[in-house]
Amino acid sequence: MTDQQRPKDTSEGDQRTQRIAYGLGAVKWIFVLALIRLFAGPMTKDLFNNELLPMPTWEWSLCSLTPGILVFLCRRPSDWRYLSSELTILKWALRFYLIYGLAFALFQGVWVLWIAVAASISGLVAIWKLEQREPAHAG
């Protein structure tokens, strides 16, 4: 019976790894699209002498939630080992979301960007906590 259960376990692990890879790819694409969206507003003002797109607000807050959600879903040690090789991009994305959100929330008074600030801080804290927990599970 254990021989029959092993293929299910490996296929379940492979499916989970594949889902994590898709989630990581989605977070990367969302980050790239957020950066394009951020620079599209000033670019349209330069090209057309008219700002066609305002600076991002609610969509920035929505984008800033994605890395934290991925970290939350991958908090199991086996998933975390797979995700730990991609932590640099997640940290950079969260820092960038935090800096933009904080700057525009404070200086422009865009209150919806406080969601981006809270999401970025919680994502960075979650990564830090999971990195502190990882050496305990390494042995």
Q: Please find, within segment 49-85, the residue that is most open to solvent (accessible area, probe 1.4 Å) out of those that are of a type in the set (D, E, K, R) and over 15 Å from Leu124 (Cβ atoms).
A: Arg81
Q) Out of curiosity, is Ala34 of a type in the set (A, V, I, L, M, F, W, C) and surrounded by 14 or more Cβ atoms within 10 Å (Cβ to Cβ)? A) yes
Q: Would you tally the residues in segment 88-138 being among the β-branched types (Val, Ile, Thr) and touching a Phe, Trp or Tyr at 6+ places or on another chain (Cβ under 7 Å)?
A: 2
Q: Select from segment 10-31 the residues that are under 30 Å from Leu113 (Cβ atoms) and of a type in the set (Val, Ile, Thr) and write down the one among them that is surrounded by the most Cβ atoms within 10 Å (Cβ to Cβ).
A: Val27
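Residue-by-condition table, conditions (1) modelled with pLDDT of 90 or more; (2) among the aromatic types (Phe, Trp, Tyr):
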site	(1), (2)
Ser78	no, no
Ser85	no, no
Arg95	yes, no
Ile99	yes, no
Phe104	yes, yes
Val110	no, no
Ile115	yes, no
Ala119	yes, no
Leu124	yes, no
Q | Top-ranked residue in segment 87-105 [being open to solvent by 20 Å² or more (accessible area, probe 1.4 Å) and not aromatic (Phe, Trp, Tyr); ranked as farthest from Ile69 (Cα to Cα)] | A | Ala103
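The values are calculated or read from the model by the stated rules, or taken from the named source; none is laboratory data. No experiment lies behind these values; they were computed from the predicted model shown. Note that each Cβ is placed from the backbone with ideal geometry, even for glycine, and that neighbours are counted across all protein chains shown. We work out accessible area using only protein heavy atoms, side chains counted, and drop any ligands, DNA or RNA first. Shrake-Rupley method; radii C 1.70, N 1.55, O 1.52, S 1.80 Å.
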